[in-house]
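Okay, so here's the structure we're looking at.
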Amino acid sequence: MVQISGKYEVVRADNFETHLLSMGAPKEVVEKVKDFKAVQEFKHNGNKITVDIHDDGFHSDLILNQEVDEKLSADLTIKTTAYLDGDTLTLKSKYPNGKSETKIHKFSDSGLIVTLQDEDPSTPDAVIVFKRL
């Protein structure tokens, strides 16, 4: 099985800005994060997964198969449930505006590919490719 714990750096992001706007993110937030190259660190210990985004200050404590509050910013908290199946971590999130999103994290020895799927099928998926550090 592929090791999930590790640090990952963004190589490229496709449709990220469009996806954020479709989820209702304010334009000023999208402008701030659309070109981010911060390092993400995942720590997997039992049924807990911790996600830290360095240079951003983001921290999330997830518990597998349990809904938790995930604070995305000072004024935005979402409900997220994490599921782990082999090398794939899936996060299902509910936003206060009623929207839902699925984030599929596919880990490999060389990196990570994250696919962001809006509940609206007319919105293109965003795909973020990371290299393992």
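The values are calculated or read from the model by the stated rules, or taken from the named source; none is laboratory data. Predicted model only: the values in this text are computed from it and were never measured. All Cβ positions, glycine included, derive from the backbone under ideal geometry; neighbour counts span all protein chains shown.
Within the range 108-123, if we keep just the residues that are of a type in the set (V, I, T) and in contact with a Phe, Trp or Tyr (Cβ under 8 Å, 6 or more places away or on another chain), the residue that is surrounded by the fewest Cβ atoms within 10 Å (Cβ to Cβ) turns out to be I113. Against the conditions (1) over 27 Å from S108 (Cα atoms); (2) of a type outside the set (G, A, S); (3) without any contact (Cβ under 8 Å) to a residue 12 or more places away in the chain, V30 satisfies every one except (3).
Here's the yes/no breakdown for (1) touching a helix residue (DSSP H, G or I) at 6+ places or on another chain (Cβ under 9 Å); (2) among the β-branched types (V, I, T); (3) modelled with pLDDT under 95; (4) surrounded by fewer than 17 Cβ atoms within 10 Å (Cβ to Cβ):
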site	(1), (2), (3), (4)
E28	no, no, yes, yes
K32	no, no, yes, yes
F58	no, no, yes, yes
Q66	no, no, no, yes
S100	no, no, yes, yes
K106	no, no, no, yes
A126	yes, no, yes, no
R132	no, no, no, yes
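Against the conditions (1) more than 25 Å from D109 (Cα to Cα); (2) acidic (D, E); (3) surrounded by fewer than 17 Cβ atoms within 10 Å (Cβ to Cβ), D14 satisfies every one except (1). Name the residue that is farthest from K48 (Cα to Cα), counting only residues in the range 87-130 that are without any contact (Cβ under 8 Å) to a residue 60 or more places away in the chain and of a type in the set (S, T, Y). Per the criteria, the residue is S122.
In the set (1) more than 15 Å from the chain's Cα centre (by Cα); (2) exposed (fewer than 14 other Cβ atoms within 10 Å of the Cβ), the condition left unmet by L21 is number (2). Of L76, L89, all but one fail to be modelled with pLDDT under 85 and surrounded by 14 or more Cβ atoms within 10 Å (Cβ to Cβ); the exception is L76. A residue that is loosely packed, with under 14 Cβ neighbours inside 10 Å, at pLDDT below 95, touching a Phe, Trp or Tyr at 6+ places or on another chain (Cβ under 9 Å) and not aliphatic (A, V, I, L, M) occurs nowhere in the range 37-54. Checked against (1) part of a loop (DSSP other than H, G, I, E, B); (2) farther than 20 Å from D14 by Cα, P121 passes all but a single condition, namely (2).
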